[in-house]
Each structure stands twice: as C-alpha cells, then as structure tokens.
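Taking it in order: structure first as structure tokens, then the write-up.
The values are calculated or read from the model by the stated rules, or taken from the named source; none is laboratory data. Model, not experiment: these values are computed from the prediction. Heads up, the Cβs are rebuilt from the backbone with ideal geometry, glycines too, and the neighbour counts pull from every protein chain shown. For accessibility, only protein heavy atoms count, side chains too; no ligands or nucleic acids. Shrake-Rupley method; radii C 1.70, N 1.55, O 1.52, S 1.80 Å.
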Amino acid sequence: SPIPWNSREAGDDDTVPLPSFAPVEGEPLSGKTISNIKLFRNRFVFLSDENVITSRAGDFFNLFGKSALTVTADDPIDITASSNYASYPTDCIAINAGLIIFSPFNQFLLTTDNDVFSPATAKIKDISSYDFNVNSEPFYLGTNVGFLATETSASKLYEMTEVTRDGQPIVVEQSKLISRSFAANLTRAAASKELGLVLFSDGSKTAWGYKYFADGERKLQSAFFKWEFSHDVVDHYVMDDVYYAVMGDGSDTHLVEINLGEFIQQQGYEQDYSEFKYVDFQQTLTPVLGPLGGFVTIPYSGDIQV
C-alpha cells in the first residue's frame, strides 16, 4: 500500500530542503530516478543519481530535518558520491566499516569516524575503481564481499577484502582461472555463507557455482563448477541450505528445490544432477488490466506437488 510519508514540520526549501531526488513543487519532471532502496544503521537509504539519501534515524518515512535552526544527530543525510568517473550508485551492501556503494565504474564507502552516524559525521570516500554489472547485486563471501562485472565474452567475479575506513581494500578477481569459459552477463547470484557457496545464473539452463573454504581470514581452497538443468533458471535463492530455483521452459514455470547439504554428501558437485523436487507449479497466465490500469491478481487453484 502507499506509504504515509511525513510532511515537513519546520522551515522551507532553503532551511529544511527536500531530498535531492524529489521534484521541485510545480515542476514534476525535475525529480531524479531512485535506483535502489536499502536499510542501514536504522535508516532508509535511497540511491539516486550521484547521491545517497537517508531518512531520519528510526523514522523510516520521514525525509525532513526537525528544525530550521540546527542540525540534529537523527536528521536525514544527503551526500554526493563523486569521483573522476560518472558515478551513479545502483546498489549497496552493509559491512562493519560502513556501507559499500556500487556504481558502474567505482565503489564507495559510506561511513563515519564517530560512534554516531549523523549528517555532521557521515562521509563518503572512493575506495576502488572496478567495473560492476549494474544488473546484478553484491553478495557476501563469508566476511568478504563479492560482486560481478561483465566484459564482452565473459563475466568476472571479484572479491573485496579488508575494507576499512582508512586505506584501500584488496580486490581479487577469483574467476581469472576460468576467464575463457565463465559465462557472460551473469546477473543473479544465490549465496550461502554457511555452505561457502555461490551459484550464478544468466537466465539459461546453466548455473555456475563457486565453492570456497575459508579458515578465519584465509581462503584455503576454492573451485568453480557448473550444473546443466532441463529448464531455464529464471531466478534462484539459497535459504537454510536449500537451493530454490524458479525454472521455466517457455510455457510452464516451476518452483523447485535442491537440499544442498544432502546433495553434497551423496553426489558431490561433479555428478550429473537432473532430479529435483517440484515445490509448486504455476501456469502461464495472461495479465488482466484492472479498471484503473493496474494488473489484477489471478488466484491459482492448482495442486501443490512435493
């Protein structure tokens, strides 16, 4: 349902300004597109154009400061991520040091040197300059962060470590050994920190996997593999050691599951795996426009298959 956003309680556009993505009153085309929304430090975070905007602390639906006379610690934050490249943040991921923000050509760190994260203490710094596939999302590799980039012929898997408030992080291309065969345009990552496993999909019948074993801060072993399914992997996710995948063949769509814990013990990653459980079954339906132009939800009455 629509969110009841709070109105401005004090000041005007000069003393308590609108968030940088909001259109000026009377000029609806002056607003900027919001590229992503996340949560960080008890604040709603908006990525828009070159800016990172947050709500008030603990008040997610309030984007205005309390007073026109002073700035308080829980006031919204509106800060620009600037570099020598065109920096348009598209995604972010939280770590202990702060919020890593990803743009097509740069990575930034939104952080503070103070215990209190406020407009007076927040700062954003350029920490690395690696390509990032804006159609993908960053993910956790244990205590580290992984992200994807795409060249013409292959994807790249980067791992970022030792991200601190001071100094540059270490970024390693983990996919270098398979750079000639790693599929291009991989965008969907399903990661499990508990299993030390990440599965990648580009919407085809092939799912690439990256298995790693780390002992504390050291990565002792890692390997790549791939699975070939009978259906296209539309989307996938790992939850509680179970791999859930939405698979389609052009006419039907299936939600299937693979218990990764049992699968690893019984077959290993190198074996062919063509059997999986159908959790649900969904027919392909034609969307129906409602009276106000919105799509009408059509209930499905089919049987659940396990």
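Counting only aspartates and glutamates at least 8 places from residue 66 when in the same chain, those with an alpha carbon closer than 16 Å to its own are 9, 12, 13, 14, 74, 75, 78.
Counting only protein heavy atoms and using a 1.4 Å probe, the accessible area of residue 66 comes to about 100 Å². The largest accessible area among 244, 212, 85 belongs to the first residue in 85, 244, 212, and the rest follow in falling order (1.4 Å probe, all chains).
The modelled label-to-label distance between residue 140 and residue 60, using points 7 Å beyond Cα along the C-beta direction, is 1.9 nm. The slack in the chain from residue 9 to residue 86, taken as 0.36 nm per residue of separation less the alpha-carbon distance, amounts to 24.2 nm. For the range 68-159, a/c is not less than 1.5, where a ≥ b ≥ c are the root eigenvalues of the C-alpha gyration tensor, and a/b tops b/c. That puts it in the prolate class.
Over 27 Å apart at the Cα level, from the set 156/211; 125/156; 123/156; 32/125, are 123/156. Straight-line cross-link reach from residue 205 at under 18 Å between alpha-carbon atoms covers these lysines, not counting any fewer than eight positions away in the same chain: 226, 277.
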